[in-house]
There are 2 protein chains.
Amino acid sequence: MRIKFQHSLDELKERLLVMAGLAEQAVQRCVAGYAHRDAVLCDQVIASEPAINALEREIDQMAGDLLATEQPMAIDLRFILAVLRINGDLERVGDQAVNIARRVKEMMAMPEADMPVDIPRLGALAGAMVGAALQAFIEGDAERAQQVLLLDDQVDAMNSAAFKSLSALIQQRPEVTTQALNVLIMAKNLERIGDHATNIAEDVIFWVVGADVRHGVPAELQLEHRVA
Amino acid sequence: MRIKFQHSLDELKERLLVMAGLAEQAVQRCVAGYAHRDAVLCDQVIASEPAINALEREIDQMAGDLLATEQPMAIDLRFILAVLRINGDLERVGDQAVNIARRVKEMMAMPEADMPVDIPRLGALAGAMVGAALQAFIEGDAERAQQVLLLDDQVDAMNSAAFKSLSALIQQRPEVTTQALNVLIMAKNLERIGDHATNIAEDVIFWVVGADVRHGVPAELQLEHRVA
């Protein structure tokens with residue numbers, strides 16, 4: 001009985017990692033689509049949305065069934081709740097990538113203009129946050145998850161800088177306003193991907209050490225805990 | 001035992017409604033703060049964030065304890081899962097309101113400029129979506145929840161229009177660029193509040209009729225079901 005349950009938990013984790021792979025791929029592709037003005041990559045991102053949505057529902061169903069049929073306690077319960085939340089965040093990461101892909105395609109119809117925001121760098125940073133949060137999930141490593149939280153400040157700072165530099169650009173060159181606004185929204189989308197990575201990292205900590213770290217790390221949080 | 005469980009569910013619902021009240025109030029205040037350039041209202045929104053965050057944790061804890069100590073099945077399990085999700089969405093609604101309040105305060109330091117976006121109307125619409133989704137939750141009314149999903153298209157359409165009109169304004173009057181970008185971001189924040197209301201409505205349907213309506217309504221969804 002317990003062996004079967006443990007097997008089901010492993011299966012749930014495996015499906016979530018497939019979901020994570022799709023979401024990460026979507027982020028990489030939309031940013032590469034922007035960097036190389038590549039409509040094929042953008043179309044691949046847009047086409048991946050139904051698969052991500054279907055997988056989200058499947059994972060929610062699996063997790064709900066486990067809650068209903070087993071009586072998970074303590075760390076197993078926290079694991080399933082964490083999977084439910086991470087699943088939702090990954091779906092939203094995919095949504096943001098689709099938004100970016102659509103915007104890149106729109107921009108490809110406009111004259112190319114130099115932009116004072118390094119979208120590929122911001123994209124790489126947001127993507128790295130998602131990757132690190134998932135690595136923390138795979139390894140049950142709360143310390144690694146903690147490091148993801150620190151990266152979020154960098155993404156936020158790049159975003160504030162983007163707001164200022166784009167605002168200045170528009171005033172100097174009003175003819176590229178539409179391109180600049182698109183870049184502003186794309187930077188916002190990448191910031192939200194970073195926020196989702198933060199959520200995932202917090203869920204890993206919640207699962208592993210049983211602490212709810214949202215809105216500030218409680219003083220008693222011990223990061224020696226690890227699950228192999 | 002079951003009576004005690006039912007009592008706990010009622011208590012959970014009540015706490016979530018307190019949370020909802022705080023989130024709705026924050027939305028109303030930040031939009032009124034914009035309309036009347038009222039810094040006091042904005043400060044109230046910003047000051048309400050810790051209370052909303054604390055309540056989110058309390059509700060998550062209550063729901064987690066119920067999952068751990070009882071063995072909720074079927075509709076009760078779906079109710080608790082819906083509360084967990086709605087709780088997260090309400091906290092994010094509060095976050096968006098805080099973002100708007102901060103932006104309004106920044107704008108008050110700049111020269112006033114006429115903007116081609118009716119933020120109060122967009123705010124009223126997003127706020128009404130949240131209110132209707134919560135009313136559907138209170139009444140367990142899937143049909144009312146369904147209506148919320150339709151309103152989301154209006155919010156999205158107003159947002160697309162905002163992007164275009166602000167883009168045109170900036171090209172005509174580059175000197176109001178910063179104000180226009182702030183309004184653009186605020187419109188995006190309000191759109192996200194509408195998205196959270198949509199999520200809440202979907203969770204109500206999931207709870208009441210047991211259907212997962214995210215990403216398209218399944219054909220078999222019958223909306224005659226109601227929970228009194």
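The values are calculated or read from the model by the stated rules, or taken from the named source; none is laboratory data. These numbers were taken from a predicted model, which means no experiment stands behind them. Don't worry about glycine lacking a Cβ; one is built from the backbone with ideal geometry, like all the others, and counts go over all protein chains shown.
A compact table of results
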| quantity | calculated |
| --- | --- |
| Qualifying positions in segment A:142-171 - surrounded by fewer than 19 Cβ atoms within 10 Å (Cβ to Cβ) and in contact with a Pro (Cβ under 8 Å, 6 or more places away or on another chain) | A:S165, A:A168, A:Q171 |
| Criterion violated by A:L17 - all others in (1) touching a residue at least 40 places away in the same chain (Cβ under 8 Å); (2) surrounded by 15 or more Cβ atoms within 10 Å (Cβ to Cβ) satisfied | (2) |
| Residue list for segment B:109-123, restricted to those being under 25 Å from the mean Cα position of the chain (by Cα) and touching a residue at least 60 places away in the same chain (Cβ under 8 Å) | B:M115, B:V117, B:I119, B:P120, B:L122, B:G123 |
| Residues located in segment B:33-64, provided they are within 16 Å of B:A97 (Cβ to Cβ) and among the acidic types (D, E) | B:D38, B:D43, B:E49, B:E56 |
| Single condition B:M19 does not satisfy, out of (1) part of a helix (DSSP H, G or I); (2) at pLDDT below 95; (3) more than 30 Å from B:Q179 (Cα to Cα) | (2) |
| Test result for B:V104, modelled with pLDDT of 95 or more and of a type in the set (V, I, T) | yes |
| Flag if B:G131 is among the small types (G, A, S), outside any loop (DSSP other than H, G, I, E, B) and closer than 13 Å to B:L190 by Cα | no |
| Members of segment B:124-180 that are within 14 Å of another protein chain (Cβ to nearest Cβ) and either within 19 Å of B:Q28 (Cβ to Cβ) or basic (K, R) (or both) | B:K164, B:R173 |
